[in-house]
Amino acid sequence: MEILDDVPMELDVDRLLKKLHIDKESKNAEDIQGLIETVAPAIKPKALYEVSYIQHKNYDIVDIGGVIFKSRVLRVNLDKVERVFPYIATCGRELDEIVVPSDDLLRQFWLDSIKEMALHAMREYLANHLKERYALGQLSKMSPGSGSQDLWPIEQQRQLFSIFGNVEELIGVTLTESFLMIPIKSVSGIYFPTEIRFESCQLCPREVCRSRRAPYDKDLLASFYKDRA
């Protein structure tokens, strides 16, 4: 297991303003700059990952390093894969513990966007780290609960966390009884090498989703279930 907790990150103000649709010359832009200067010392995203090997596969079962996962889509995606990279990444507890007044909804939204950018930067850093260290080409990923619930049930967060032991002690992330993570701006899943890039969004019919990264493909979804063992 490896922990990445010393990742250089400088928040891109222009990118943040564009994300928030705020003009650079506006008063809001000045206020955001002040918020960034306040929270900058606390922007310490973290991640951990493990190099794991697939021990057994069945129709909808994958045994990864002795931990059993049940997902037909995951199993098919890993059909020709032997080595995978379970991971957990977070914006960092330091940033998550910053509090703004409860009645300042705009500033809360800005801070939330900063957390999202910190998490995104950490996940990009992790993917590039894996590619360089393990001489990998294209990577795809799946996460419990991502896309439609039945693709890979969110309840299997518990099995994923079990791979790493005390995740709270390692990178400050806890798993709630409802299988959500704290800090909220945290993600978990499995990276795997692939020739054709896969996104769980391709299998999710939800029409309104601000996080969508690829269009829904019902034919692709059907292809995962065409052969039953």
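Criterion applied to R123, R93 was being under 30 Å from V13 (Cβ atoms), among the charged types (D, E, K, R), touching a Pro at 6+ places or on another chain (Cβ under 7 Å) and surrounded by 15 or more Cβ atoms within 10 Å (Cβ to Cβ), and the one residue passing it is R93.
Residues that are within 27 Å of V76 (Cβ to Cβ) and acidic (D, E) were ranked within the range 108-164; the one that is nearest to the chain's Cα centre (by Cα) is E124. Scan the range 114-121 and tell me whether some residue there is at pLDDT below 90 and of a type outside the set (F, W, Y). No, there is no match, as no residue in the range 114-121 is at pLDDT below 90 and of a type outside the set (F, W, Y). From the list I3, I64, I54, I36, the lone residue that is under 25 Å from the mean Cα position of the chain (by Cα) and more than 21 Å from S143 (Cβ to Cβ) is I36.
Name the residue, out of L136, L106, that is buried (at least 16 other Cβ atoms within 10 Å of the Cβ) and either assigned to a helix (DSSP H, G or I) or of a type outside the set (D, E) (or both).
On the way: L106 fails: buried (at least 16 other Cβ atoms within 10 Å of the Cβ).
Unique residue meeting the criteria: L136.
Let me confirm something: among R107, R93, R133, which residue is basic (K, R) and out of contact with any helix residue (DSSP H, G or I) (no Cβ under 9 Å at 6 or more places or on another chain)? Can you show your working first?
Numbers: R107 fails: out of contact with any helix residue (DSSP H, G or I) (no Cβ under 9 Å at 6 or more places or on another chain); R93 fails: out of contact with any helix residue (DSSP H, G or I) (no Cβ under 9 Å at 6 or more places or on another chain).
Among R107, R93, R133, only R133 is basic (K, R) and out of contact with any helix residue (DSSP H, G or I) (no Cβ under 9 Å at 6 or more places or on another chain).
Determine if the range 171-180 includes at least one residue that is under 16 Å from the mean Cα position of the chain (by Cα), at pLDDT below 95, surrounded by fewer than 19 Cβ atoms within 10 Å (Cβ to Cβ) and of a type in the set (F, W, Y). Scanning the range 171-180, I find at least one residue that is under 16 Å from the mean Cα position of the chain (by Cα), at pLDDT below 95, surrounded by fewer than 19 Cβ atoms within 10 Å (Cβ to Cβ) and of a type in the set (F, W, Y), so the answer is yes.
In the condition set (1) free of Cβ contacts under 8 Å to residues at least 12 places away in the same chain; (2) in a helix (DSSP H, G or I), Y125 is compliant with all but (1).
Among the residues in the range 203-219, are any out of contact with any Leu (no Cβ under 7 Å at 6 or more places or on another chain), at pLDDT 65 or above and in a loop (DSSP other than H, G, I, E, B)? Checking the range 203-219: not a single residue is out of contact with any Leu (no Cβ under 7 Å at 6 or more places or on another chain), at pLDDT 65 or above and in a loop (DSSP other than H, G, I, E, B).
In the range 67-86, of all residues being of a type outside the set (S, T, N, Q), closer than 11 Å to F192 by Cα and not in a loop (DSSP other than H, G, I, E, B), the one that is nearest to the chain's Cα centre (by Cα) corresponds to P86. For I88, the stated conditions hold: it is more than 25 Å from L17 (Cα to Cα), in contact with a strand residue (DSSP E or B) (Cβ under 7 Å, 6 or more places away or on another chain), of a type in the set (V, I, T) and surrounded by 16 or more Cβ atoms within 10 Å (Cβ to Cβ). Residues in the range 40-65 that are more than 30 Å from L111 (Cβ to Cβ), modelled with pLDDT of 95 or more and not in a strand (DSSP E or B): E50, V51. Scanning the range 1-48 for residues that are charged (D, E, K, R), closer than 30 Å to N166 by Cβ and surrounded by 11 or more Cβ atoms within 10 Å (Cβ to Cβ) gives E2, D5, K44, K46.
The values are calculated or read from the model by the stated rules, or taken from the named source; none is laboratory data. Keep in mind it's a predicted model, so treat the numbers as computed, not measured. Don't worry about glycine lacking a Cβ; one is built from the backbone with ideal geometry, like all the others, and counts go over all protein chains shown.
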